[in-house]
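J.: Quick one: the structure is below, questions incoming.
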Amino acid sequence: MAENKNSLGKELTKGIIKENPTLVMLLGMCPTLAVTTQAKNGIGMGLATTFVLLGSNIVVSALRKIIPDKVRIPAFIVIIASFVTLIGFLMEGFLPDLYESLGIYLTLITVNCIIFGRAEMFASKNGVVASACDAIGMGIGFTLALFLMGSVREIIGSGQWMGLTIPVLSKDPMLLFIMPAGGFFTLGVIIALVNKLSKKKPPLELSCKGCPHADACAKNGGDCQ
Amino acid sequence: MKALFVILLSAMLTDNFVLSKFMGICPFLGVSKKLDSATGMGLAVTFVMICATCVTYPIHHGILVPNDLEYFDTVVFILVIALFVQLVETMLKKCIPSLYKSLGVYLPLITTNCAVLGVTVLNIDNSYNFGESIVNALGGGLGFMLALVIFSGVRKKLEYADIPDTFKGVPATLIAASIVSVSFMGFSGLFN
């Protein structure tokens with residue numbers, strides 16, 4: 001029993017730092033770059049993704065013995081898209097401001113590689129409880145990464161943070177940081193810092209490991225690099 | 001005619017899908033290492049974007065809107081795109097094997113490419129008519145290809161650069177992407 005608890009704890013915590021989906025596994029870059037002009041949007045996007053991830057992981061792992069292997073990709077996509085529609089409704093109803101500022105990127109959670117990747121790599125092979133823990137851990141890791149990105153960009157780019165005004169920076173904010181170019185730059189520097197701190201050999205390329213299409217790609221003799 | 005031209009150029013340059021809307025970052029970073037694979041991926045994405053628009057537009061306006069089912073957009077669109085990519089793959093394999101050889105590898109990667117779903121949803125959000133939607137998809141795809149091709153050139157130079165160890169690989173690529181994105185900011189304000 002104790003061992004069981006330990007392994008569940010490990011599923012829960014691995015996503016936060018060791019296998020952080022954004023900063024270590026380099027998945028889900030599009031929302032990471034697009035919505036992080038403000039820390040608040042980062043949290044909103046992170047929590048919405050966590051909700052979808054949790055829902056899809058639970059449903060996929062519960063149905064993993066029923067869904068035939070051949071049609072699993074369309075089946076996963078439908079499950080994920082349904083949860084995205086659900087969170088869209090919830091957010092439009094209860095948090096209309098956030099809904100407006102996330103805009104099309106809320107719909108695009110459907111094609112976030114983190115969700116698809118976890119369904120394919122974890123939930124379709126593990127039990128419901130383990131998959132739920134995995135989803136919560138990955139979701140928190142993703143949210144923290146977005147929050148970090150959003151904070152850096154908002155503080156430097158607009159001199160504000162979560163409604164607070166930062167004294168010196170707000171006078172002459174570096175607008176570049178809230179523009180698209182600043183997103184790429186900030187993410188590059190943050191990933192470099194993570195590499196430095198974890199003293200790991202930096203990932204030289206985007207690895208195929210996390211890509212949901214690794215299978216299909218290899219079958220066609222492709223090399224996604 | 002002028003309106004169509006503005007849509008084409010703004011989808012290609014000022015609102016470039018990769019560099020200012022951040023859609024399709026994964027293939028942008030993953031497939032831009034060599035010029036020929038960048039071109040192949042760009043062509044495949046452009047093709048699928050146009051076809052996906054041709055299919056999803058009638059579905060939205062012909063089936064979903066009359067039945068008050070607009071909220072099914074996401075589910076229906078992504079399914080249609082997934083089916084369509086599969087169909088194109090099979091057809092290319094049978095009918096035009098030479099084209100399949102050069103594009104086939106990229107097709108499965110496109111199913112969950114956010115740029116493709118993005119363009120179909122944007123067409124609906126901006127309430128474009130059929131012609132405008134197609135032009136928007138064409139511009140988006142060409143812009144995607146342009147960004148990939150330019151970036152593959154940048155990455156070739158990057159390979160020979162002496163970069164600090166911590167920044168080697170993805171961080172350096174992202175910072176290079178940021179500089180390319182700055183250069184595309186020069187187009188902003190081109191149309192008002």
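Just so it is clear, none of the values below were taken in a lab; they were calculated from the coordinates. Predicted model, so just to flag it, every value in this text is computed and none were measured. Neighbour counts run over all protein chains shown; Cβ positions are idealised from the backbone, glycine included.
J.: Would you calculate the separation in nanometres between label points at residue B:69 and residue B:35, each defined as 7 Å from the Cα along the Cα-to-beta-carbon direction?
T.: 4.8
J.: For helix B:130-160, report the angle its Cα long axis makes with the longest principal axis of the Cα atoms of chain B; keep it between 0 and 90° and round to the nearest 10°.
T.: For helix B:130-160, the angle is close to 20 degrees.
J.: Please get the size of the charge dipole for the protein assembly as shown, origin at its Cα centre, with Cβ charges of +1 on Lys and Arg and -1 on Asp and Glu, quoted in debye to the nearest 20.
T.: Roughly 1260 debye, rounded to the nearest 20.
J.: Past 30 Å, Cα to Cα, is the threshold; run A:196/B:34; B:21/B:168; B:2/B:156; A:10/A:40; A:18/A:40; A:14/B:101 against it and keep the listed order.
T.: On the way: A:196/B:34 28 Å; B:21/B:168 25 Å; B:2/B:156 38 Å; A:10/A:40 28 Å; A:18/A:40 25 Å; A:14/B:101 40 Å.
Where the Cα-Cα span goes over 30 Å, the pairs concerned are B:2/B:156; A:14/B:101.
J.: Here is a follow-up. Between the helical axis of B:114-125 and the dominant principal axis of chain B, each derived from Cα atoms, what acute angle in degrees is found, rounded to the nearest 10?
T.: Relative to chain B, helix B:114-125 is tipped by roughly 40 degrees.
J.: Separation between the residue B:4 and residue A:95 pseudo-spin-labels, each 7 Å from Cα along Cα→Cβ, expressed in nm?
T.: Distance between the two pseudo-spin positions: 4.2 nm.
J.: Further question on the same structure: Semi-axes of the equivalent ellipsoid of segment B:39-192: what are they in whole Å, largest first, if each equals the square root of 5 times a C-alpha gyration tensor eigenvalue?
T.: 32, 21, 14
J.: For peptide B:23-32, how many partner chain Cβ atoms fall within 10 Å of a residue's Cβ, on average?
T.: Per residue, the average neighbour count from other chains is 6.
J.: Answer rounded, prolate or oblate for segment A:2-150, using the Cα gyration tensor with square roots of eigenvalues a ≥ b ≥ c: rounded when a/c is under 1.5, else prolate when a/b is larger than b/c, else oblate.
T.: Because a/c hits 1.5 or more and a/b fails to exceed b/c, segment A:2-150 counts as oblate.
J.: Next up: Calculated FRET efficiency, residue A:86 and residue B:99, Cβ-Cβ r, R0 41 Å, to nearest 0.05?
T.: The calculated FRET efficiency here is 0.55.
J.: Hey, can you rank B:150-161, A:112-123, B:9-20, B:35-46 by average C-beta count inside 10 Å, highest first? Spell out each step's value before the answer.
T.: Working: B:150-161: 13.9, A:112-123: 24.8, B:9-20: 22.8, B:35-46: 20.8.
So the order, starting with the most tightly packed, is A:112-123, B:9-20, B:35-46, B:150-161.
J.: Using each residue's phi in segment B:164-177, evaluate 6.51 cos²θ - 1.76 cosθ + 1.60 at θ = phi - 60° and report the 3J(HN,Hα) Karplus result to the nearest Hz, with x for Gly and Pro.
T.: x, 3, 4, 8, 4, x, 4, x, 5, 4, 5, 5, 4, 4
J.: Going by amide H atoms built from the backbone, whose H comes under 5 Å of the H on residue A:161, apart from near neighbours?
T.: Excluding prolines and chain starts, which carry no amide H, the hits are A:166.
J.: Give me a comma-separated list of calculated 3J(HN,Hα) values for segment A:26-42, in order, Karplus coefficients 6.51, -1.76, 1.60 applied at θ = phi - 60°, integers in Hz, x for any Gly or Pro.
T.: 6, 10, x, 5, 4, x, 4, 7, 7, 9, 8, 6, 9, 4, 4, 4, x
J.: Hey, got a sec? Which GluC sites (Glu not before Pro) in segment B:63-143 land in a DSSP loop and have at most 14 other Cβ atoms within 10 Å? Show your work: numbers first, answer last.
T.: Details: sites: B:70, B:89, B:132; in loops: none.
Passing both the DSSP loop test and the Cβ count: no residue.
J.: Within a 10 angstrom radius of each residue's Cβ in B:160-167, how many Cβ atoms of other chains show up on average? Whole number is fine.
T.: Details: counts 0, 0, 0, 1, 2, 5, 9, 7.
Mean shielding count: 3.
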